[in-house]
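Peer 1: If you scroll down you'll find the structure; I have some questions about it.
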Amino acid sequence: MSRQGESGAADGVGSRHLRVEALDWDKGGGLLPAIVQDACTHRVLMLGYMDRGALQATLDSGQVHFHSRSRARLWRKGEQSGNTLELATIEPDCDADALLVRVRPRGPTCHLGRTSCFEHAAGGGLAELDRTIGQRWRQRPVGSYTTQLAEAGIARIAQKVGEEAVETAIAAVAADDASVLGEAADLAYHLLVLLHARGMDLAALEAVLRERHAGPDRASSPMPHRIDPPGTGTGK
Ligand SMILES: [Zn+2]
């Protein structure tokens, strides 16, 4: 979802600095395990193995290739199914004997038609919701609540965010956990719609959070405002 890297080429920082010969090819008999992760939702999609040829073909083409151990040959993911993996970034692990490959999948990754080969792999969540909101925002399908909000305009969306925030706050002090979670989910949804209404998305929000976390004071909280302990309030 990040706008950098939309070209499909191997343009991530990890890829640019990846030196194929510097990797530890000996430990695995010429193969490195490659964990494949959705660059947008962060969900783990599959595990494959790359030899030097597969890694080089991946870097050269921007399409993820593996070494097929059963067929003992170079294999471009999706060469038959069409469900290819477009490369976002590749990053070696700490001792250079495994790879993390971030991709933008074209269709389901698993041959069983599932998004991930790991059926219950965590991930998605807010990012999946953000992706759906983005699609609805562009396509405006009839009957969709996101379409209704889009047509109502930003003032209405902003009002909904305010209402849901207040309902979440009230639930936090006066209702059970299920109610708090329900209101928080409503708030999260409307907040994402608000970002899309302003031409932004969750990835832009995450970039701000990452920047704060990586700031000069790494020990500080990613949140900008301190929370005063009870009894030391600002008097408001
Ligand atoms: Zn699978």
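The values are calculated or read from the model by the stated rules, or taken from the named source; none is laboratory data. Just so it is clear, the model here is predicted, and its values are computed rather than measured. Virtual Cβ from ideal backbone geometry, glycine too; neighbours counted across all protein chains shown.
Peer 1: Exactly one condition in (1) of a type outside the set (A, V, I, L, M); (2) within 16 Å of the ligand (Cβ to nearest atom); (3) within 30 Å of L194 (Cα to Cα) is not met by R138; state its number.
Peer 2: (2)
Peer 1: Those residues that are within 30 Å of W25 (Cβ to Cβ), modelled with pLDDT of 95 or more and of a type in the set (A, V, I, L, M), I need them from the range 97-149; list them, please.
Peer 2: If the condition is that a residue be within 30 Å of W25 (Cβ to Cβ), modelled with pLDDT of 95 or more and of a type in the set (A, V, I, L, M), then A98, L99, L100, V101, V103 are the ones that fit.
Peer 1: If we keep just the residues of the range 162-178 that are within 27 Å of the chain's Cα centre (by Cα) and surrounded by 18 or more Cβ atoms within 10 Å (Cβ to Cβ), which is nearest to I133 (Cα to Cα)?
Peer 2: Filtering first and then ranking leaves E164.
Peer 1: Separate question: Working carefully through the options T132, T89, T84, T115, find the one that is over 15 Å from the mean Cα position of the chain (by Cα) and either within 16 Å of the ligand (Cβ to nearest atom) or of a type outside the set (A, V, I, L, M, F, W, C) (or both). Break it down stepwise before answering.
Peer 2: Details: T132 fails: over 15 Å from the mean Cα position of the chain (by Cα); T89 fails: over 15 Å from the mean Cα position of the chain (by Cα); T115 fails: over 15 Å from the mean Cα position of the chain (by Cα).
When all the criteria are applied, what remains is T84.
Peer 1: Hey, another quick one. Looking only at the range 118-129, how many residues end up being of a type outside the set (A, V, I, L, M, F, W, C) and within 16 Å of the ligand (Cβ to nearest atom)?
Peer 2: Selection size over the range 118-129: 3.
Peer 1: Among (1) within 16 Å of the ligand (Cβ to nearest atom); (2) in contact with an Asp or Glu (Cβ under 8 Å, 6 or more places away or on another chain); (3) more than 14 Å from A34 (Cβ to Cβ), which single condition is R104 missing?
Peer 2: That leaves (1) as the condition not met.
Peer 1: Check the range 93-100 and report whether any residue there is free of Cβ contacts under 8 Å to residues at least 12 places away in the same chain, out of contact with any helix residue (DSSP H, G or I) (no Cβ under 9 Å at 6 or more places or on another chain) and more than 16 Å from the ligand (Cβ to nearest atom). Steps first, please.
Peer 2: Our first condition is that a residue be free of Cβ contacts under 8 Å to residues at least 12 places away in the same chain; within the range 93-100, this holds for 93-94.
Subsequent filtering for residues that are out of contact with any helix residue (DSSP H, G or I) (no Cβ under 9 Å at 6 or more places or on another chain) retains 93-94.
Retained after the next criterion (residues that are more than 16 Å from the ligand (Cβ to nearest atom)): 93-94.
Checked against the condition, which is being free of Cβ contacts under 8 Å to residues at least 12 places away in the same chain, out of contact with any helix residue (DSSP H, G or I) (no Cβ under 9 Å at 6 or more places or on another chain) and more than 16 Å from the ligand (Cβ to nearest atom), the range 93-100 yields at least one hit.
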